[in-house]
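As structure tokens, the structure follows; a few thoughts come after it.
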Amino acid sequence: LSYAALLASRDTTHDGDLLTEREVIQKEMARQARDITAKSTAMGVIPFEATDELRRQLEAFKAGAVNWVGMAVTADGAIGLGEARTVDVKSSLAPHVDAAEPRFYLLQHGDTAFFVYSCPEGAPVRLKMTYSTARASVVAAVAAAGTDCSKSFECGGPEEIEEALAYELKGVADGANAGALSAAADAPLPSKPSRPGRGRGRLTAKRP
């Protein structure tokens, strides 16, 4: 999803304001998968399929063996493996992002799985169109491997990946803080102990 779409999903003036951001993203990714399947069926075109090598690495990602998977459209129209490795998220991710061509990436950061679409501005128009069409097939392959991407964003290449990720991580932190504050607000207040001599008075019969 683009930044504009994400911001729109957070706008409380929309009908979907009762959905969480995660639910909005999942609904949008599911819609994209349905749209590309319907269009491909109508045109008699088989959607992009993941290679066996990519499927194995997606399973490794799910198992936690790697935290970074790059995916690319192959010359024969399949979704192939670009690279799979464990990266230090605290260091620069830019060296792992293709500067010339679009790519799809999976990144695990803590408990959050990110789906990233990188599309450099200078990439050939034909490649941009190809990757835009293949996106739903990639989403479907990732879901089939059992990975639940709760965050999705786009960037314009290696020079934007750090800023885009930082923006998304801030959203994750803000959401966690909001949840903690909400839980604290809902917690019952402790009863205030009575001070000595301030309890309920007792009646004493007056002696004659």
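The values are calculated or read from the model by the stated rules, or taken from the named source; none is laboratory data. The structure presented is a predicted model; accordingly, all values stated were derived computationally and were not measured. Note that each Cβ is placed from the backbone with ideal geometry, even for glycine, and that neighbours are counted across all protein chains shown.
Scanning the stretch 32-46 turns up one or more residues that are among the charged types (D, E, K, R), exposed (fewer than 13 other Cβ atoms within 10 Å of the Cβ) and at pLDDT below 65. Across the stretch 106-157, what is the number of residues that are under 20 Å from Thr86 (Cα atoms) and acidic (Asp, Glu)? Summing the residues that are under 20 Å from Thr86 (Cα atoms) and acidic (Asp, Glu) in the stretch 106-157 gives 2. The single condition among (1) closer than 19 Å to Phe48 by Cβ; (2) under 15 Å from the mean Cα position of the chain (by Cα) that Asp76 does not satisfy is (2). Listed by position, the strands (runs of 3 or more DSSP E) enclosed by the stretch 93-178 that each have at least 1 residues that are buried (at least 16 other Cβ atoms within 10 Å of the Cβ), in contact with a Gly (Cβ under 9 Å, 6 or more places away or on another chain) and at pLDDT below 95 are 151-155.
Of the residues making up the stretch 55-92, those that are in a strand (DSSP E or B) and in contact with a Gly (Cβ under 7 Å, 6 or more places away or on another chain) number 5.
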